[in-house]
Amino acid sequence: MHSNRRHPGAGEGSRPGAPGSTTRRRFALGTAAALALPFGARAQAFPARPIRYICPWPAGGSTDAVIRAFAESAGKILGQQVIVDNKGGAGGLLGANELVNARPDGYTLSQLPHGVFRIPHMQKVQFDVLKDFTWIACLTGYTFGLVVPADSPLKSIADLVAYAKANPEKLTYGHTGIGTSPHLAVEEFAMRAGIKLTHVPFKGNADNMQAILGGHVMAASDATGWGPHVQAGKLRLLATYGSKRTKRWPEVPTLDELGYKTVSDSPFGVCGPKGMEPAVVRTLHDAFRKTLDDPAVIATLEKFDQTIITMDTETYTRFARDTFAAEKATIERLGLAAKT
């Protein structure tokens, strides 16, 4: 009696158009879809593993502290750890260099400091600022200032200018790398003041502070990693570079109000490689923007006198384009443009 039973794959059931053929095809397709669904769902559930957030400065500096605060807060919001990876050196460009070769899956992010808009006008770099990055969200900006040792005879910017005019190129100042804001702001000030200084580049804030505290340079231009040393009476703050005075040091003038037309705050946040999925960009944007509601993040920003400067992805992208063009003019004005 088994001889009359049709087996799958035999007789008319295997012929195209046979009644059993359609049923089996539907079953096969349904099974394939069911098997594929969990994998597809997992692929869309971003983030599914830890995210790397590159800090292109050495550990221990003010930027490192701020980025770690953002990373810890964002990790809680995203439900995945955000791991800070320090890549100091090259004027803050090592994060940009890594993003060029990173997969655009949202798992590799970096701070892109203001130097990425300037240094390409000064020397050859590995990236195209306008094509190689996704500008996810801007979150904050620096307070920069010029400090000298507390026992320095230079009590004010006027003293510094007078000394530099009497001793061209003898006044040394440290900064965080050629083409960075602490470097370019002082060069702009020096040009407007009619003085010549000797700049000494370091990898980041921590190294710069060690140099001035150790007496290896006469002054230092940097973000507010000098704050604790000013508070402790080890360093004297001569001027800041913002458009207005800081809350913590309201008695200290800005270079702008002193007549040198120098303003710098260098907004930054979080960026990724080009070609990221819009949904992933939105997830990261929203998470990092929410970090600005975290009391721990606000406390860290206040500790380093960093203001909140927010830009969404579209605005941050436009800012990058406009700033790249503006910095070209600045570099050319200072005579620092690469020779072609």
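The values are calculated or read from the model by the stated rules, or taken from the named source; none is laboratory data. Please read these numbers as outputs of a predicted model, since none were measured by experiment. So basically every Cβ, Gly included, is an ideal-geometry build from the backbone, and we count neighbours across all protein chains shown.
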### Subset of the range 182-217 that is polar (S, T, N, Q) and under 21 Å from the mean Cα position of the chain (by Cα) - its residue that is modelled with the lowest pLDDT
N205
### Task
Taking I119 as meeting all but one of (1) closer than 22 Å to R68 by Cα; (2) surrounded by 21 or more Cβ atoms within 10 Å (Cβ to Cβ), write down the number of the exception.
(1)
### Task
Could you tell me whether any residue of the range 44-67 is at pLDDT below 95, more than 25 Å from L184 (Cβ to Cβ) and either in a helix (DSSP H, G or I) or among the aliphatic types (A, V, I, L, M) (or both)?
yes
### Summary
When (1) modelled with pLDDT under 95; (2) not in a helix (DSSP H, G or I) are applied to A220, the one that fails is (1)
### Message
What are the pairs with Cβ atoms under 8 angstrom where one residue, in the range 326-340, is over 17 Å from A190 (Cβ atoms) and the other, located anywhere, is modelled with pLDDT of 90 or more and loosely packed, with under 11 Cβ neighbours inside 10 Å? Sequence gap at least six, or different chains.
### Response
A338/K124
### Query
Among the residues of the range 209-222, is any hydroxyl-bearing (S, T, Y) and crowded, with 24+ Cβ neighbours inside 10 Å?
yes
## Note on the structure
Exception for R192 within (1) farther than 20 Å from S243 by Cα; (2) out of contact with any strand residue (DSSP E or B) (no Cβ under 7 Å at 6 or more places or on another chain) falls at (1)
### Query
Yes or no: A287 in contact (Cβ under 8 Å) with a residue 60 or more places away in the chain and farther than 18 Å from I83 by Cα?
no
### Task
Scan the range 296-340 for residues that are within 20 Å of the chain's Cα centre (by Cα) and polar (S, T, N, Q) and jot them down.
T300, Q306, T307, T310, T313, T315, T317, T323
### Summary
Within the range 62-93, restricting to residues that are at positive phi and out of contact with any helix residue (DSSP H, G or I) (no Cβ under 6 Å at 6 or more places or on another chain), the one that is surrounded by the fewest Cβ atoms within 10 Å (Cβ to Cβ) is G79
### Task
Please specify each residue of the range 94-103 satisfying the condition of being surrounded by fewer than 24 Cβ atoms within 10 Å (Cβ to Cβ) and either touching a helix residue (DSSP H, G or I) at 6+ places or on another chain (Cβ under 9 Å) or not in a helix (DSSP H, G or I) (or both).
N97, A102, R103
### Summary
Considering residues that are assigned to a loop (DSSP other than H, G, I, E, B), among the aliphatic types (A, V, I, L, M) and either buried (at least 21 other Cβ atoms within 10 Å of the Cβ) or at positive phi (or both), the number found within the range 232-275 is 1
